[in-house]
1. Going residue by residue through region 78-91, is there one that turns out to be closer than 30 Å to residue 176 by Cβ, part of a helix (DSSP H, G or I) and modelled with pLDDT under 95?
2. Applying the selection to region 127-155, what residues are touching a residue at least 60 places away in the same chain (Cβ under 8 Å) and in contact with a helix residue (DSSP H, G or I) (Cβ under 9 Å, 6 or more places away or on another chain)?
3. If we keep just the residues of region 190-208 that are in contact (Cβ under 8 Å) with a residue 60 or more places away in the chain and touching a helix residue (DSSP H, G or I) at 6+ places or on another chain (Cβ under 7 Å), which is surrounded by the fewest Cβ atoms within 10 Å (Cβ to Cβ)?
4. Mind checking whether some residue in region 178-189 is under 27 Å from residue 133 (Cβ atoms), over 28 Å from the mean Cα position of the chain (by Cα) and buried (at least 20 other Cβ atoms within 10 Å of the Cβ)?
5. What number of residues within region 148-168 satisfy the criterion of being surrounded by 19 or more Cβ atoms within 10 Å (Cβ to Cβ) and closer than 18 Å to residue 106 by Cβ?
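The values are calculated or read from the model by the stated rules, or taken from the named source; none is laboratory data. These figures come from a predicted structure and were not determined experimentally. Here the Cβ is made from the backbone with ideal geometry for all residues, glycine too, and neighbour counts use every protein chain on show.
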């Protein structure tokens, strides 16, 4: 009976992403079980021919896949050209692809927009402070500064709530941790500004400036961490 045509990986009972050690192990097991010379019983000639052909296909598969260059060529010509319906994606490869898609979505829809919003509101501090310093007792300037303080609060709260309600993929957790550190520092700076709006003590403005600097440094670290896994 003619052997069913299969690829080298299927002949060895393996998936296309296996290591050389796994190929060697599978080959040894097959040799122990199917080599025609190992049986002492009398067999029909047709059976001997079939088993010999099978063993030859096993040897060919092993020799091809254990040679790095031959395997690469075989994969590019035979494996990658097969219809998708004939290929079963290994579980860990599929998990990796799912993680990549989740990471891409989270970066575009959550991480980057929220990071930009925090960076934008904190970077305005010097400008807002400069405007206020013209006359800290001017009602109009104080009102504008108070609105800016409220904008900081809303931005930080929105970011914190979204990071809680929409947890990040595993690979982005370090980046989100830096974002949370940034939010915490910025929240402390916000508290200093709120104190200033109550007593007009310049010391609160200086402290807020230092805390916002630290918060922005954490934002940079968050972005570096996210880029390291892209």
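1. Among the residues of region 78-91, at least one is closer than 30 Å to residue 176 by Cβ, part of a helix (DSSP H, G or I) and modelled with pLDDT under 95, which makes the answer yes.
2. 129, 136
3. Only one residue tops the list, namely 205.
4. yes
5. Residues meeting the conditions: 2.
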